[in-house]
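Each reported figure results from applying straightforward, stated rules to the coordinates on display, with no laboratory input. Everything quoted here is computed from the prediction, not taken from an experiment. Note that each Cβ is placed from the backbone with ideal geometry, even for glycine, and that neighbours are counted across all protein chains shown.
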Amino acid sequence: METQRTENQEELDELRASIEDAPPNELAARAGQARPQEIVDIWEDLSRERQGEILSVLAPEKAAEILSNLPEDAQPQALDALSAEGVRKLLEALDPDDLADTLQALEEHRPERAETLKALLAPETRATAEALTRYEEDEAGGIMTPEFISVRATMTVSQVISFLRRAAPNAETVYYLYVLETDGRLIGVLSLRDLIVAPEYQRVREIMSPDVIHVTTDTDQEEVARLMADYDFSVLPVVDPGGDLVGIVTVDDVIDVIEDEATEDIHRLGAAPVDVDYARASPWKMFLKRVPWLGLLLVSMSLTFNVISHYESLIEQVTILAAFIPLLIGTGGNVGSQIATLVVRSLATRELEIKDFPRVLGKEVVTGLCLGSSLAVFMFFYVMIFQADLQIAIALAITMVLIAVCANLVGAMLPMLFRRLGIDPALTSSPGITTVMDVVGLLIYFQVVILVLGTVLEVVN
């Protein structure tokens with residue numbers, strides 16, 4: 001695997017050098033031989049002038065495929081290098097959903113440029129794109145394409161096949177045909193396979209499936225991805241509130257959604273910014289994105305200082321207690337982060353629902369007791385070997401059990417609580433769980449020490 005990755009990188013390096021050093025009269029040939037994704041992979045390593053030249057010399061369809069796969073914030077810059085006519089041809093070559101995404105990226109990063117470019121589009125193309133941009137980017141309407149093939153239930157197989165020969169070149173996919181009423185309402189679906197094997201005289205209504213699994217324009221993109229994965233669909237129809245078919249979501253769009261959602265969850269679990277491209281971001285941008293969350297965590301962790309300060313006299317009496325603080329609260333944070341990651345993922349894949357809360361609670365109490373007991377045995381013998389103090393060994397063992405149980409409960413309950421409140425469970429990040437368990441773990445630790453060693457201590461109130 002590592003050898004293959006190295007070979008791929010060497011090929012990309014050779015491609016970059018070939019395109020970057022190509023004379024103007026050879027650029028079209030060299031760039032034309034490369035796959036669009038290969039050019040995307042080396043895009044950031046090319047000079048700005050060469051980037052514009054590539055989009056200018058390639059066929060509009062290939063240039064459009066490259067543009068649609070570039071990061072959103074790189075698209076305005078790429079278009080700047082083209083003439084007005086070059087931009088028009090490139091935008092017209094984009095699929096409607098990709099065009100809508102590009103216009104939304106322009107409106108976000110260069111709003112004045114977006115209006116200028118919209119004016120270059122044909123009225124029909126502009127109307128289609130603007131209709132798609134009305135939907136939220138993270139909903140089915142925002143990732144669908146309006147290029148689908150629809151037929152009537154009264155058509156014969158022969159008529160549909162003739163129609164397909166004319167309509168197929170402009171469609172996103174022809175593997176599924178959607179059967180509509182005259183008012184546009186979706187009433188059935190027909191696969192290309194069923195169409196080909198059916199007699200030519202048979203009517204569509206006789207071979208279509210009336211049970212059409214679909215989503216609405218406001219369905220969350222994560223739910224769209226889940227449905228397509230559950231049913232092994234390559235395409236999913238999208239209807240408006242009235243039941244009219246307005247578009248389809250294809251598997252290539254869903255792959256992007258899965259990647260985006262997974263990246264977002266990973267970032268949030270690590271308390272990292274979700275809307276930043278690390279490879280392209282400047283140090284200043286990374287600072288601005290990260291410092292608010294880190295500042296919030298710092299303020300939260302100051303509670304740890306308050307707890308330790310409250311029990312300062314206890315630590316003064318038994319100084320060795322301070323040495324075990326990092327170990328105990330570190331364990332609590334690790335246990336809590338572990339189970340939070342598992343629960344967040346289970347909620348995301350719908351393996352868990354809010355109704356499963358009692359079952360999760362019971363499971364984590366038992367699991368926490370088992371984990372805590374095993375860790376407590378280690379702590380007990382560790383203290384006995386290095387400190388030979390039975391009371392402290394007992395106190396630490398009890399503390400470890402209680403911390404493990406509490407960490408398991410906190411790590412499992414917070415994501416489910418967030419889901420119940422309508423908040424993304426991934427926001428229960430590992431640093432957040434760790435901060436909570438630092439405070440809870442210290443309180444448990446000092447109270448258990450007071451309970452076990454109370455006879456030889458001046459008990460702290």
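What is the sum of charges around Ser158, taking Lys and Arg as +1, Asp and Glu as -1, for the other residues whose C-beta is under 12 Å from the C-beta of Ser158?
Cβ neighbours under 12 Å give a net charge of +1.
Mind jotting down the distance between the C-alpha centroids of region 37-106 and region 194-247, whole Å?
32
Which is farthest toward the positive dipole end of the chain among Val452, Val179, Phe381, measuring Cα position about the Cα centre, with Cβ charges +1 (Lys, Arg) and -1 (Asp, Glu)?
Projecting each Cα onto the dipole axis, the largest value belongs to Val452.
Per residue and in cubic angstrom, what volume does the convex hull of the Cα atoms of region 2-134 have?
So the per-residue Cα hull volume is 108 Å³.
I'd like the Karplus ³J(HN,Hα) series for region 193-204: coefficients 6.51, -1.76, 1.60, θ = phi - 60°, whole numbers in Hz, and an x wherever there's a Gly or Pro.
4, 4, 5, 5, 7, 7, x, 5, 7, 5, 7, 4
Kindly provide the helix-only [θ] at 222 nm of the chain, computed as the sum of -39,500 (n - 2.57) over DSSP H runs of four or more divided by all residues, to the nearest 500 deg cm²/dmol?
-21000 deg cm²/dmol
To the nearest µm²/s, what D does Stokes-Einstein give for region 355-418 at 25 °C and 0.890 mPa s, using the Kirkwood radius over alpha carbon pairs as Rh?
Result for D is 197 µm²/s.
R0 = 25 Å: FRET efficiency of Glu49 with Leu12, Cβ-based, nearest 0.05?
After rounding to 0.05, the efficiency reads 0.80.
Would you compute, for the Cα atoms of the chain, the largest minus smallest coordinate along each principal axis and list the three values in descending order, in whole Å?
93, 60, 45
Counting other C-beta atoms within 10 Å, which of Met301, Met379 has the fewest, and how do the rest follow?
Listing Met301, Met379 from fewest to most nearby Cβ atoms yields Met301, Met379.
Viscosity 0.692 mPa s, temperature 37 °C: Stokes-Einstein D of region 283-456 from its Kirkwood Cα radius, in µm² per second?
The diffusion coefficient I find is 190 µm²/s.
Using each residue's phi in region 138-154, evaluate 6.51 cos²θ - 1.76 cosθ + 1.60 at θ = phi - 60° and report the 3J(HN,Hα) Karplus result to the nearest Hz, with x for Gly and Pro.
Working through the residues one at a time gives 9, 10, 4, x, x, 10, 7, 10, x, 8, 10, 10, 10, 9, 9, 5, 7 Hz.
Got a sec to turn the phi values of region 12-25 into Karplus ³J(HN,Hα) couplings, 6.51 cos²θ - 1.76 cosθ + 1.60 with θ = phi - 60°, whole Hz, x for Gly and Pro?
Result, ordered by residue: 5, 5, 5, 5, 4, 5, 5, 6, 5, 8, 5, x, x, 6 Hz.
Determine the percent antiparallel among the DSSP beta bridges restricted to the chain, to the nearest 5.
So the antiparallel bridges in the chain amount to around 80 percent.
As a test of the definition: which semi-axes, in Å, follow for region 123-213 when you take the square root of five times each eigenvalue of its alpha carbon gyration tensor? Largest first, please.
27, 15, 11
Just to be sure I understand: if I project the alpha-carbon convex hull of region 189-250 onto a plane and average over all orientations, what area do I get in nm²?
Convex hull of Cα atoms, orientation-averaged projection: 4.8 nm².
Among the lysines, select those whose C-alpha is under 28 Å from the C-alpha of Lys363, and discard any that sit fewer than 8 residues away in the same chain.
Counting by Cα, and skipping residues close in sequence, Lys363 has these lysines nearby: Lys355.
Once amide H atoms are placed 1.01 Å from N in the peptide plane, what residues at a sequence separation of 5 or more from Thr216, or on another chain, have their amide H within under 5 Å of its amide H?
Val239
Quick one: order Cys406, Cys370 by neighbouring beta-carbon count within 10 Å, fewest to most.
Fewest-to-most ranking of Cys406, Cys370: Cys370, Cys406.
Note the direction-averaged projected area, equal to a quarter of the hull surface, for the Cα convex hull of region 150-269, in nm².
That works out to 8.1 nm², a quarter of the Cα hull's surface.
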